[in-house]
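Undergrad: One structure coming up, written as structure tokens, with questions to follow.
Just so it is clear, none of the values below were taken in a lab; they were calculated from the coordinates. Computed from a prediction, not measured in an experiment: that's the story for all the values here. Counting neighbours? That spans all protein chains shown, and the Cβs are built from the backbone with ideal geometry, glycine included.
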Amino acid sequence: MFIRTAFAALIAVAGSAAVALDDPQTVLQDPMGSGMWNYHQKGLLGDPADIRFDDRVVLRAPDSAEDSLNVPLLVDATAIPDVKRIVISADYGPIPHILTYYPEQAEPKLALRFKIDQATAIRASVETQSGSWHIGSTYIDAAGGGCTAPANAYASDDWEEKLGEVHGRLWSASGRARLVVDHPMDTGLADGIPVFIIQDLSLQAEDGTPLARLELHEPVNEDPAFTFYFDAGALPASVKVKGRDNNGNRIRGVLSEGELN
Amino acid sequence: MLTRRTTLGLLASLPLAPRAFAQARLSYDLTAKPLADGIWMVEGATEYFSMENGGAIVNVTLMKGDSGLILFDTGSSRRYGEALASLARSLDIRGISAVVNTHHHPDHFFGNQVFADRPIHALGGTRQAALDEGEAFADNMYRLLGDWMRGTEVVPPSDVIAGGDLTLDGRDFLALPLGGHTGADLALMDRRTGTLVAGDLVFYNRAPTTPSADIPRWQQALEALQAEKPALVIPGHGPADPTGDSIIQTRDYLGWLDGTLRAGARSGLDMVELMETPLPDRFAGMGAQPQEYQRSVAHLFPGVEREELPRGN
């Protein structure tokens, strides 16, 4: 009896030693228990040593994705000081990296929509200026198929004319900038349709000073929609929108506190 | 020492066991509630689809015809259709003589399979939408309801009808071809009793659903229904209503929903922020809230936002 237990213990030790070769240098206890986090910690974040799960990084989203092509998510890292960037990702999905947000002069808080391929943990990994990482999580249930469906744009024949069309506005008193850009955001996973996505999108002051910057990846929804948050009164009267897609199309627009439709 | 008998005894005493057994039976307990002379309603739960309710969330109406019972909507699964067929035979030994589908949502026509040898009437747009979207609905229904759906196949309605005077199995109706809840919603007014089978154009004390909705068109349809001054409204979900309050409530809710989404878009709110907005008291107590409101934000907000936000280039 004792011998058998000892043998089992040995195997357990040997087993965990073998797994440890693939582990990140700082192994975390994943509150979502999703099984993929260790892998993304290395692959997406570059295996940082100074890293932890942190309840101060808040992800707000519905429990279940009603529309796999348009899942809303609000990431709030305003409780973390000196944020440099926020990497937003899905644990399970053909393309895990959704986007990276560089708040620059904005608050480390962003509302977005994305495509989901299956039920999965969603992460916001916040890096501070000093290089420490703070991870927030949530879980979203989904029927699936969001990343492999063709864009709705192709159901109409005028999508090319609308490409790069910008809708949006500033609300200076509440420090909000809302932006919707027309783009198919093709993931490359639908049959016969190559990757066609906006890669860079930024808000700039009139003199070109960067106010906030995004690097987008395939899972961002068709016609990407964002709310950026600033301190009340911190927004200039008008803000330039600048962006570029992977086919070299430029996105240009101006947001102001103008007339609503 | 654990013997087989003590192990079985332990298992039987687990709190989970009786529930698992009840679910394993998967039988719908349908009852027909008499509403007027020769009219019965099978009232659904005012909930969303779940493993517990098996999708029995829809109202089904039965009316006496010359050669049997006319059935309005067939429920969410083959098993539900079978339960309806046997319930109908307990009311009239001849069973179901004709079937109507008010619209193409799965809880209203997935029992069609059981009645496939009888005429199944619907608007042309409903038949087409059932052909186009039926399989995708079935995928989702199997995911939501699991074994309740066993053996269910999508059978679109067979006979296309238009608006105006309509006689089904000897009974006279006014057919109102409307839309707004979906692309094609049929409401039928029974000439004999003034009973309106409203389908999902009308919800009562249960939040309206909007996955295929066009709200302005829906509001027009509700106006048309009100103008018919029905003696009794049978909504698609929620209790039968002799007062007409169900139509007023549905109009009130849709107006509030549209106004809330537009006001949200006009103040720069994101979908998550809108979903977290508390509901007014008069809507918070409806069945399937706040989930249904949150689903509506997901369905409708991207379109509303595009209309409300100014162009930036």
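Undergrad: Can you give me the distance in nm between label points at A:Arg52 and B:Thr167, each placed 7 Å from the Cα along the Cα-to-Cβ direction?
TA: Between A:Arg52 and B:Thr167, the label points sit 8.1 nm apart.
Undergrad: Pairs of alpha-carbon atoms within less than 8 angstrom and 6+ residues apart define the contacts here; what relative contact order does the range B:52-111 have, in percent?
TA: Details: 111 pairs, mean separation 24.0, N = 60.
40 percent.
Undergrad: Also, I was wondering about something else. Which lysines, if any, have their Cα less than 30 Å from the Cα of B:Lys33, not counting same-chain residues under 8 positions apart?
TA: B:Lys64, B:Lys229
Undergrad: Could you tell me which of the pairs A:Lys115/A:Lys240; A:Lys42/A:Lys84; A:Lys42/A:Lys240; A:Lys42/A:Lys242 are separated by over 24 angstrom between their Cα atoms in the structure shown?
TA: Where the Cα-Cα span goes over 24 Å, the pairs concerned are A:Lys115/A:Lys240; A:Lys42/A:Lys240; A:Lys42/A:Lys242.
Undergrad: Give the calculated FRET efficiency between A:Asp141 and A:Glu161 to the nearest 0.05, with a Förster radius of 41 Å applied to their Cβ-Cβ distance.
TA: Approximately 0.65, to the nearest 0.05.
Undergrad: Mind giving me the nanometre distance, one decimal, between the label points for B:Asn140 and A:Arg250, set 7 Å out from Cα along Cα→Cβ?
TA: 4.2
Undergrad: Evaluate E = 1/(1 + (r/R0)^6) for B:Asn205 and A:Ile193, where r is the Cβ-Cβ distance and R0 equals 51 Å; express this FRET efficiency to the nearest 0.05.
TA: Computed FRET efficiency for B:Asn205 and A:Ile193: 0.65.
Undergrad: A further question follows. Counting alpha carbon pairs within less than 8 Å and at least 6 residues apart, what relative contact order, in whole percent, applies to chain B?
TA: With pairs under 8 Å counted, the relative contact order is 13 percent.
Undergrad: Within the set of other residues whose C-beta is less than 14 Å from the C-beta of A:Ala232, count the net charge using Lys and Arg as +1 and Asp and Glu as -1.
TA: Combined, the nearby Lys, Arg, Asp and Glu give -1.
Undergrad: Just want to confirm a number: the relative contact order over the range B:221-279, from Cα pairs under 8 angstrom separated by 6+ residues, in percent.
TA: Value for the range B:221-279: 21 percent.
Undergrad: Only Cα pairs within less than 10 Å get springs; with that Gaussian network setup on chain A, which residue of A:Gly93, A:Gly168, A:Gly131 has the largest fluctuation?
TA: For chain A, modelled as a Gaussian network with Cα springs under 10 Å, the answer is A:Gly131.
Undergrad: Provide the FRET efficiency to the nearest 0.05 for the B:Glu47-B:Asp159 pair, computing r from the beta carbons and using R0 = 30 Å. Please list the in-between numbers first.
TA: Numbers: r = 32 Å, r/R0 = 1.05.
With R0 = 30 Å, the Cβ-Cβ based efficiency is 0.40.
Undergrad: If you don't mind, there's one more thing I want to ask. Neighbouring Cβ atoms within 10 Å as the yardstick, rank B:Met275, A:Met36 fewest first.
TA: With the fewest neighbours first, B:Met275, A:Met36 line up as A:Met36, B:Met275.
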